1. Given the condition at pLDDT 95 or above, of a type in the set (A, V, I, L, M), closer than 30 Å to residue B:915 by Cα and not in a helix (DSSP H, G or I), answer yes or no: does some residue in region B:839-851 qualify?
2. Say whether the condition of being surrounded by fewer than 23 Cβ atoms within 10 Å (Cβ to Cβ) and of a type in the set (A, V, I, L, M, F, W, C) is met by at least one residue in region B:175-192.
3. Listed residues A:47, A:87, A:65; which is in contact (Cβ under 8 Å) with a residue 24 or more places away in the chain, of a type in the set (D, E, K, R) and surrounded by fewer than 13 Cβ atoms within 10 Å (Cβ to Cβ)?
4. Being in contact (Cβ under 8 Å) with a residue 60 or more places away in the chain, away from chain A (no Cβ under 14 Å) and open to solvent by less than 20 Å² (accessible area, probe 1.4 Å) is the requirement here; does residue B:297 meet it?
5. Could you grab me the full set of residues in region B:1-59 that are assigned to a strand (DSSP E or B), polar (S, T, N, Q) and modelled with pLDDT of 95 or more?
6. Just checking: which of the strands (runs of 3 or more DSSP E) contained wholly in chain A hold 1 or more residues that are farther than 22 Å from residue B:748 by Cα, more than 10 Å from chain B (Cβ to nearest Cβ) and touching an Asp or Glu at 6+ places or on another chain (Cβ under 7 Å)?
7. Hey, which of the strands (runs of 3 or more DSSP E) in region B:718-805, taking only ones fully inside, have at least 3 residues that are more than 14 Å from every other protein chain (Cβ to nearest Cβ) and in contact (Cβ under 8 Å) with a residue 24 or more places away in the chain?
8. Please count how many residues of region A:68-84 are free of Cβ contacts under 8 Å to residues at least 40 places away in the same chain and within 13 Å of the ligand (Cβ to nearest atom).
Amino acid sequence: MFIINCPYCGEREQSEFKAGGEAHIVRPKQPTELSDDQWAEYLFMRKNIKGIQFERWVHTHGCRKWFNVIRDTSNDMIKAVYKMGEKPPTK
Amino acid sequence: MTKNLRIKTSKFIDETYKVSFKFNRKTYYGFKGDTLASALLANDIHLVGRSFKYHRPRGIMTAGSEEPNAIVQLHSNTSRTEPNVRATEIEIYEGLEASSQNCWPTVNFDIGGINNFLSPVLPAGFYYKTFMWPASFWEKYEYFIRKSAGLGKSPKESDPDIYEHKYIHCDVLIIGAGISGIMAAKIAAKNGFKTLLVDEKPYLGGSTIYQNSEHFKINNQLSSSWLEKEINEIKKIKNLEIKTRTSVAAFHGYNFLLARENLTDHLPLEQRNNKTRHRLLKIRAKKVITATGSLERPLIFNNNDRPGILLSSAIDKYANLFGVVCGEKNVLFTNNDSAYETAISLYQKGINIEAIIDNREEIDSKLIKEIEKNNIKIHKGYTIVNTFGYKRIKKVSIMKLSKDGQKVIGSKEYINCDCLGITGGWTPAVHLFTQSGGKLKFRDEDQVFIPNIYPSDQVSIGSCNGDFTLDEILSTTPRILKEFLNLKKIDYEDLEIQSSFNKSKRNIWLLPSDKVIGKTKPFVDYQNDATAKDIKLALREGFRSIEHVKRYTTTGMGTDQGKLGNMHALGIISETTGSKIGELGTTTFRPPYTPLTFGTIVGRNVGEYFDIFRRTPIHDWHVKNKAEFENVGQWKRAWYYPKNGENMNDAVQRESKAARDSAGILDASTLGKIDIQGTDASEFLNRVYTNSWSKLAIGKCRYGLMLNEDGMVYDDGVTTRLDENHYIMTTTTGGAATVLGKLEDYLQTEWPELDVYLTSVTDHYATISVCGPNSKKILSQVFPDLDFKDEHFPHMSFKNGKIDKIKCRVMRISFTGELSYEINIQANYAKAVWEKCIEIGKKFNITPYGTETMHLLRAEKGFIIVGQDTDATMTPIDLQMDWIVSKKKYDFIGKRSLYRSDTIREDRKQLVGLLTENPDEVLEEGAQIVADIKKSPIEMLGHVTSSYYSPNLKKSIALGVVKGGKNMMGQKLIIPMENKQINVTVADPVFLDKENKRLNA
Ligand SMILES: [Zn+2]
């Protein structure tokens, strides 16, 4: 069970959070303009990386805020957390 | 004939405190401080069980948690019975009753022993190969395998003991209180770290604490005396907590560990009542110091499993710690110096040693010189080729090893004995380290895996780090700790150490015999009866990966997880395949390190606390009025209210009829409620529901369907506009939390520009639903100030009302298709309002109804239940609810998916009504629907989703999903059942009042 540093609350147990899949997938502004394939790309296609992965997490049993996490899926080490709408740290 | 096997030298045993216990129904005596194993050995009992496959007699092999053989069942046929207890770990207490587990009918005469003679036909993978065919026979095989396999028996009564969980946060956790753990505890605690020291044993000091040899000294004192002083000192340090009888079961990432603190297992049963038995400690440590020590390796030779064969270090421990002699004619068999430590301590106690057999040819150390000085015969460069004695070892035969160690040469000699101590060197206990994600490296000099890469802030010290000798431990440990804890000056930097241990070792994984391997039994895994021969067979049959060999031969898969023999299995694979051990890698060590009881894992979450349940504020009334309850998510909901011995069907038929004929009342408090406020609330609803919300007037209600982005129906409910920028949304009972979560997700991540605030108010408001033709009359009396005239209070509208001073929200909405009102009221007033409605409704025969009647009534009207009539594959179009999907709105969640190539298929499963040919025949929910029964294979068109007998229509009605069902109106279909076929006709899913006359009455 890892520890996540919620950008709003600070360090908390993993059990307070829920994972929300890959980060930085923006919902298309004009879905009706998209072909079936383009829409399917948005809807279904997700990466499953062994290594550094950008993820969404929500502090379900805390502030209820969504934020982004950079996690190494091979050892669960969290490299960074940052708020929704912010750019991932470059280092 | 009783031998005196006690030597009065141990201060760990209280010989003034006699303890009686039973083993296999016979009474024996031991002393306070004994384990079951030490007490049995003191009574000259070695034979304690039978092996798993061949049912060979097996004896106590070790003195610790690695024990593979001495597995017993405690207190058979009582509520406190426990299987798989290691005799080497359980401390005896007055009244202890233990029995051998793996034998039938008795340990001395065992029917399964016949397998030993059949063993040529019981090779590795035997169970897989033989009992698999024909598959239908498995059940018969299984009965006999289980009966003879001795898996232990679980208790039949509920557990009378109390268990609990506790969270601990500390700066430094030290696992293991051997000499290095004690040193670490002193250094950490004295330097201000909040420190926790745990050890699985009841005493501190590991194996050094009973080490009384002149050959090992610290600061010119016996190592045990020196350590004892250190222990007394650390006990006084304030910020150090010490927990004995506490074993760490799991070491997870981020230094999160689980440990089991054993509080009462050493007490007589009558002293355990109302005490916590085990405590599961959930430890989060900033730093972890692993000092788990090492396990002695056995040697792998022909018939190395007879009772009376023990690890050499175990013989030493029984003599020094428990004052018990394991045998009167001892032989030791070794490939390294540690057998000589045992020999010296036995010799000093006057215990007879017949001979020492050493694999090594040229050896020289102080220890060996002392043995030779005392005229104990050492057979250098020899190996044991066989052992004799069925229920107890009687004799060994030895031969000289060839130069390369692969063969035996010369003539055979025999040595009589009643106890054989074996040692193949030491294996660091790296189990917890690898559990934490640590990576090992292989050290070629002495063929051990040691910690290499640490995944978290932790370090290993002492022999679990590969430092086996006293001088290595004492010189390395302070240096490691100084760096790990970032300290300038520490204790122990200038210790004077005397250690006579020579590190030379001759490692031969599988010792040769004069017989061919096929005729020998060199056991690698004692508990699972896997021999070196089995491993070689697996390799011959093409298995290469250590994980596959393990599963095929079952090596390392017992309750001891192969703590003794895993290294040898690896060694034999490496030698046979010519690969390097370091490259083979080890098998995965999984938690728990030693087994945990279910009670420990569950803690206090038993009985009514096993899974929490939620009650509505009207719950007590339902109980008082004899409702039967149904679990809906975590809620307890009134299911039906049987009267005068009614069964469920009778009650539901009565309730349903009453609700349509006059009046019914339902507790709908469990519906999810979300308060939505903000200037963009209307726009938000437009985006999350399929229909349009911009034009909904204040005071009006609207039904909405919510989709997932894939176009599939996700939730539904009525939302009411309370004010310009204020709505109250209802969700399904089960969907409340996930709907809120999903709405929050979109608000925060996709549409942060919207000014909308969501608050869950499910628990804050109770909902009372009153329906039926007389509901208006009842409500008019409950709310005398409100105008209930249809033109002022039409269907799908809302008014604020008051009962006395209590504010209520009254909605005219219907889930039954009947004239119906819902009262939303602050939860703590709910029961009073409910009772008022019942009181006033009496003259209209108001009938409380439960969820089952609610389901029946809505099915009559063709209203869906999300999750019953839908699964995650139904679009609104599939549900024939095209009317609710806005054509005008540019976008809403799921819209684009409604015209994907897959969702526009004509032959999707679609919701239809089903009427049976025989109106009294009620279909089974979940039954398959087909058209052509003769076609092979039969094409499954769909299934029945809801089915009831309608008392109002006086016929059976059902909803179902059928491929292309929309265009099959009036068509005949078949429901094939086990012993009959039911003919049905596809019908409109709205069975009652399609014109909505009742709703608007
Ligand atoms: Zn938070």
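The values are calculated or read from the model by the stated rules, or taken from the named source; none is laboratory data. The structure presented is a predicted model; accordingly, all values stated were derived computationally and were not measured. Here the Cβ is made from the backbone with ideal geometry for all residues, glycine too, and neighbour counts use every protein chain on show. Side chains included, ligands, DNA and RNA excluded: accessible areas come from the protein's heavy atoms. Shrake-Rupley method; radii C 1.70, N 1.55, O 1.52, S 1.80 Å.
1. Among the residues of region B:839-851, not one is at pLDDT 95 or above, of a type in the set (A, V, I, L, M), closer than 30 Å to residue B:915 by Cα and not in a helix (DSSP H, G or I), which makes the answer no.
2. There is no residue in region B:175-192 that is surrounded by fewer than 23 Cβ atoms within 10 Å (Cβ to Cβ) and of a type in the set (A, V, I, L, M, F, W, C).
3. Values: A:87 fails: in contact (Cβ under 8 Å) with a residue 24 or more places away in the chain; A:65 fails: surrounded by fewer than 13 Cβ atoms within 10 Å (Cβ to Cβ).
Step by step, each of A:47, A:87, A:65 is checked, and only A:47 is in contact (Cβ under 8 Å) with a residue 24 or more places away in the chain, of a type in the set (D, E, K, R) and surrounded by fewer than 13 Cβ atoms within 10 Å (Cβ to Cβ).
4. In short, yes.
5. Those that are assigned to a strand (DSSP E or B), polar (S, T, N, Q) and modelled with pLDDT of 95 or more: B:20, B:27, B:35.
6. Values: elements: A:3-6, A:10-13, A:18-22, A:52-58, A:66-72, A:77-83.
Strands (runs of 3 or more DSSP E) meeting the threshold: A:52-58, A:77-83.
7. Per the criteria, B:726-731, B:765-771, B:797-803.
8. Of the residues in region A:68-84, 1 are free of Cβ contacts under 8 Å to residues at least 40 places away in the same chain and within 13 Å of the ligand (Cβ to nearest atom).
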